[in-house]
Amino acid sequence: MPNFSDRKIVSQPAPRDESAGNSPATAAVTSIRPRPPALTIGRRAGLSALVLICLASLPVQAARYELKDGHKYAICHDYVAALNAAKREFPMACERHFPPEFEKFSKPKWTPLDPMAQPESFYRDIYYVWYGYRKEPTEAGWQRIWNNYMKPALDAGTLQLDRARVDVVATGAPVTLLRFAYQPCKESMEWFEKSAWSETYRYFVLDEKTGRLDKGFAGLTSKERGLFYYRGRVYMDSFSGLPLSFLRTQERGELPDGHLTVVEPHSNTKESGGYEFGGNRQICVVKVYYELPGTEMEDKGRNEP
């Protein structure tokens, strides 16, 4: 006769009837199953390690992205879907990453350049175009900028400079585009604690004939942005948000913690022929909600569907 002292009786719902509108049956099934043996200390430790390994291998999603403006554009819906599908350790404040299955999105192939190999006049051009000056700074003014900002950054190795051929304003004529970062943005918990303003890249067009920067494209540098292709056309995006140190002092409501804005560069035709940069047209605005583990930004109930 079997010994049932090592077993327990449990009540289980009947299997779901998939052919009846996915509604579960009301009857219950009584089954008898052996009680699992007690875990020894060694087995418990092994199980805990296995759970930790499984949790570590799960994809992390540190933010939720929701479309605010731009519902009539397909790019905006695809952009939000791609961001939500990309499992990243931190919200994508510095640069957006698109999963490979989102084939409509791509990025230029950037070639790194040596910032130390560029002459001082190159950085003088960057300063001039960056701030949109109508006239170049005086020698005394430039030396102050060079000695206090540019040269220390060069010596510290924080400058980043890259080059690519890009059809910036969809004219069918690629230009030499330079991507410049004074101090590249690095997503980290420390960075989100203090500031969530993205200090990413500025873009400059190099005139291959003169070797100088084309001041007609100064509008590209109006704000730090990322740059990507959607269906082969150039778009740019930028992030602005609130630091965790501030958000922890606030009641978490439905307001987003940050925004992503997508713009489309466009051109104007010159009367003398050719074209010039015509500005950036806003396409999408995306709300960003932080979901950073290990902080008080999670489990507030606001992110439930």
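No value in this document is a laboratory result; all are computed from the given coordinates. In this text, all values refer to a predicted model and were calculated from it rather than measured experimentally. Neighbour counts run over all protein chains shown; Cβ positions are idealised from the backbone, glycine included.
Order by neighbour count: Glu120, Glu251, Glu291, fewest other Cβ atoms within 10 Å first, most last.
Values: Glu120 13, Glu251 7, Glu291 17.
Lowest count first: Glu251, Glu120, Glu291.
At 0.36 nm per residue, minus the direct Cα-Cα distance, what do Thr138 and Met116 gain on full extension? Give it in nm, one decimal, please. Before the final figure, lay out each step's value.
Values: separation 22, 0.36 × 22 = 7.92 nm, distance 2.34 nm.
Gain in length upon complete extension: 5.6 nm.
State the three equivalent ellipsoid semi-axes of segment 146-186, derived from the C-alpha gyration tensor as the square roots of 5 times its eigenvalues, in descending order and whole Å. It would help to have the intermediate numbers written out before the result.
Working: eigenvalues 164, 20, 11 Å².
After scaling each eigenvalue by five and taking roots: 29, 10, 8 Å.
For segment 134-175, build the charge dipole from Cβ charges (+1 Lys, Arg; -1 Asp, Glu) around the Cα centre, then report which of Trp142, Ala153, Thr171 sits farthest towards its positive end.
The one lying farthest along the dipole's positive direction is Trp142.
Taking 0.36 nm per residue of sequence separation and subtracting the Cα-Cα distance, how much length would be gained by fully extending the chain between Ser106 and Arg231, in nm to one decimal?
On the way: separation 125, 0.36 × 125 = 45.00 nm, distance 0.83 nm.
Gain on extension, Ser106 to Arg231, equals 44.2 nm.
Could you work out how much longer the chain between Lys87 and Thr210 gets when fully extended? Use 0.36 nm per residue separation minus the Cα distance between them, nm to one decimal. Present the calculation step by step, with values, prior to reporting the outcome.
Values: separation 123, 0.36 × 123 = 44.28 nm, distance 4.38 nm.
Contour length minus Cα-Cα distance gives 39.9 nm.
Just add up the charged neighbours of Tyr73: K/R +1, D/E -1, any other residue whose Cβ is under 14 Å from the Cβ of Tyr73. Walk me through the intermediate numbers first.
On the way: positive: Lys68, Lys72, Lys104, Arg231, Arg233, Arg281; negative: Asp69, Asp78, Asp237, Glu264.
Net of charged neighbours comes to +2.
Holding the Cα-Cα limit at 27 Å, pick out from Lys194/Lys223; Lys87/Lys215; Lys186/Lys215 the pairs that are longer than that.
Numbers: Lys194/Lys223 20 Å; Lys87/Lys215 39 Å; Lys186/Lys215 29 Å.
Listed pairs above 27 Å: Lys87/Lys215; Lys186/Lys215.
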